[in-house]
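I have placed the structure first, in the form of structure tokens, so that the comments after it can refer back to it.
The values are calculated or read from the model by the stated rules, or taken from the named source; none is laboratory data. Since the structure is predicted, the reported quantities are computational estimates derived from the model, not experimental observations. FYI the Cβ positions are ideal-geometry reconstructions off the backbone, even for glycines, and counts take in every protein chain you see.
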Amino acid sequence: METWRTLYRHFRPHRAVVALGTLCSLIGAATALLQPLAAKTLVERLDDNGSIAGVLLVLTALVLLGTAIEAVGAYVLERTAESVVLAARHTLVGRLLRLRVAEVERSEPGDLMSRVTSDTTLLRAVTTQSVVSAIAGGLSFAATIAMMAFLDPVLLLVTLGVIVLIGGAVALVMPKIAQATQRAQTAVGSISTALERAFGAFRTLKASGAERREIAAIDAAAREAWRHGVRSAKWQAVASTSVGLAVQVSFLAVLGIGGARVASGATSVATLVAFLLYLFYLIEPVSRLVEAASQYQVGSAAIARIVHAERLATEETDGAEEETETDGDAPLSVAFEDVTFRYRPDLPYVHHGVAFDVPGPGVTAFVGPSGAGKTTVFGLIERFYEATDGRVLVGGTDVREWPLPRLRAAIGYVEQDAPVLAGTLRENLVFAAPDVSEAEIGGVLVRAKLDALVERLPDGLETVVGHRGSKLSGGERQRVAIARALLRKPRLLLLDEATSQLDAVNELALRDVVTAVARDITVLVVAHRLSTVTLADRIVVMDAGKVRAVGSHVELVASDPLYGELAATQFLATSA
Ligand SMILES: Nc1ncnc2c1ncn2[C@@H]1O[C@H](COP(=O)(O)OP(=O)(O)OP(=O)(O)O)[C@@H](O)[C@H]1O
């Protein structure tokens, strides 16, 4: 039922075109049927020594017309099929990029990608060609059966008996086609997943000498796709050759029973011959019906995977995620009220009653041992995840009450590994704020101390920073990410400091940028460097999912043993 409904949803906008395609197909078939008649007239004229020019002309015109109409029909249907694929991709991509972060983390991105690229293509035939096949095949099947009923109802019963018997067997095979196709598509998803894993960590792959093993893993998935593809092909072959079998067996049965009827005088030889001819005419419509049914099975397998992806939970953005309105530019306060949180019900709690209060502006550093739950604080502020218990307040309002696009428009977020997107440096900078002016870009470049880099690059801002920005150093990547966040004109900046060591110049540059920014807006930093914590106005010490102390560097060194230890051993050395 679900499959039907989804297929109908994809087919509905194109029903007029599919009707036109069906009409073309029927007209093509009709002109083909007229050709033998014209040929018969031609032979008769030859016998009578009459002129055949006129008949030849008609015959030629029929051939040309029939072919032209069929070509138009085929084009219209193929075009529509492509449009169905396009519409399915459009809807699917629209959903996938709005998925909740947790939903994506639970899925295999490669598999999700294959639903957009591979599964949608399987919708091509089922929504168009198979509809036409079903309608045209059904109509000619009915017409032929009517003619057969008119000739000899008894022989028709014999024929239908055989067809129903073999049809029943074919019906049993049909779900196997769907099942095999679905498994083949799942395997295609696994190929994408495995490829994504390999290309996602390509250097590690090389350095680990893991090429052969990864190739074998991808090969195994490809082999799995092959195995199920072949199985689907096998069942499709069984289904389509069954048509021939049904007709052959019917032929023998009609020949036997019809012969007996001729001998008993119940029917004439002429009727038997005509009936047998119709029996062979039946091959085409039945084949088309079986083809339509197996296409439907293939399509329904793809639909199941597409529907599954469309069902994943998306964020509620009211379709307005391009929000840039930020309700002024006053710095935003942040408060956690007894926040309890775990990533999934099957995972342990990460936050056990986290509470702190950060009035804006200024720098607040979050420190604590690895795994204490510092980065998770940012995920909750951005509402990538929602607190299991307690409240997260931004600007005094619960994040669940903020319109999501507006909340995110007010926050700049710099991730720990500061990913750089494939494209030019400019594209990277304006990613979060596509409408910024040249002057604003220039200003932020200076603030983020990127102006010297831009001057050095061969094409300035238009330099392609490459796949995952591999041409930028770690420090430059961080500052590009900060510049990107600043161009969004945030009222709150979340900075997950890189854990990697920066050189003295880069570290000082970063420190200056943060200090300058914090004059106007609230800055929260997950700090891994002594240079950052010493500049912070306030330090929040986290341990095992709780806040254990809040204070300045000097206060905490004196009062909190864990902080003292972190300051002495864990923070990355400072050059300041
Ligand atoms: N997306 C996620 N899904 C499930 N568990 C997660 C996820 N992100 C983090 N965790 C878990 O939550 C805990 C806290 O992680 P978090 O990243 O907040 O720690 P952190 O204090 O920032 O650590 P670090 O300083 O090493 O970055 C860790 O045990 C981690 O394994």
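In this structure, residue 296 does satisfy being within 30 Å of residue 114 (Cα to Cα) and either in a helix (DSSP H, G or I) or at pLDDT 85 or above (or both).
Going through the range 422-472 one residue at a time, which ones are surrounded by 15 or more Cβ atoms within 10 Å (Cβ to Cβ) and in contact with a Lys or Arg (Cβ under 7 Å, 6 or more places away or on another chain)? Passing the criteria: 428, 429, 431, 432, 433, 448, 449, 450, 461, 465, 469.
Do we have residue 94 as in a helix (DSSP H, G or I) and in contact (Cβ under 8 Å) with a residue 12 or more places away in the chain here? When the stated conditions are applied, residue 94 does not pass them.
Flag: residue 101 does not match the condition of being in contact with a Phe, Trp or Tyr (Cβ under 9 Å, 6 or more places away or on another chain) and crowded, with 18+ Cβ neighbours inside 10 Å. Residue count for the range 336-361, restricted to those that are away from the ligand (no atom under 16 Å from the Cβ), surrounded by 17 or more Cβ atoms within 10 Å (Cβ to Cβ) and not in a loop (DSSP other than H, G, I, E, B): 1.
Pairs meeting the criteria (first residue in the range 113-133 and in a loop (DSSP other than H, G, I, E, B), second residue of a type in the set (A, V, I, L, M), beta carbons under 9 Å, at least 6 apart or on different chains) are 118/188; 118/302; 128/17; 128/18; 128/76; 128/77; 128/81; 128/84.
Just one of the listed residues (400, 383, 406) is basic (Lys, Arg), more than 22 Å from residue 510 (Cα to Cα), more than 16 Å from the ligand (Cβ to nearest atom) and under 27 Å from the mean Cα position of the chain (by Cα), namely 406.
At least 3 residues being of a type in the set (A, V, I, L, M) is the threshold, and among the helices (runs of 4 or more DSSP H) wholly inside the range 425-482 those reaching it are 438-447, 451-456. On the given criteria, is residue 368 within 13 Å of the ligand (Cβ to nearest atom) and touching a His at 6+ places or on another chain (Cβ under 7 Å)? So residue 368 does not fit the description; no. At pLDDT 90 or above, assigned to a helix (DSSP H, G or I), closer than 24 Å to residue 540 by Cβ and of a type in the set (Val, Ile, Thr): does that describe residue 364? Answer is no for this residue. Here the condition is being out of contact with any Lys or Arg (no Cβ under 9 Å at 6 or more places or on another chain) and modelled with pLDDT of 90 or more; of 213, 231, it holds for 213 alone. Just one residue in the set 123, 157 is in the same structural domain as residue 84 (by TED's automatic domain parsing), surrounded by 19 or more Cβ atoms within 10 Å (Cβ to Cβ) and not basic (Lys, Arg); that residue is 123. Kindly indicate whether residue 368 is at positive phi and either in the same structural domain as residue 556 (by TED's automatic domain parsing) or surrounded by fewer than 15 Cβ atoms within 10 Å (Cβ to Cβ) (or both). It is true that residue 368 is at positive phi and either in the same structural domain as residue 556 (by TED's automatic domain parsing) or surrounded by fewer than 15 Cβ atoms within 10 Å (Cβ to Cβ) (or both). For the range 235-268, the set of residues classified as more than 30 Å from residue 294 (Cβ to Cβ), free of Cβ contacts under 8 Å to residues at least 40 places away in the same chain and among the hydroxyl-bearing types (Ser, Thr, Tyr) consists of 264, 268, listed by residue number. Screening the candidates 244, 189 for the property of being closer than 23 Å to residue 118 by Cβ and assigned to a helix (DSSP H, G or I) yields one hit, 189.
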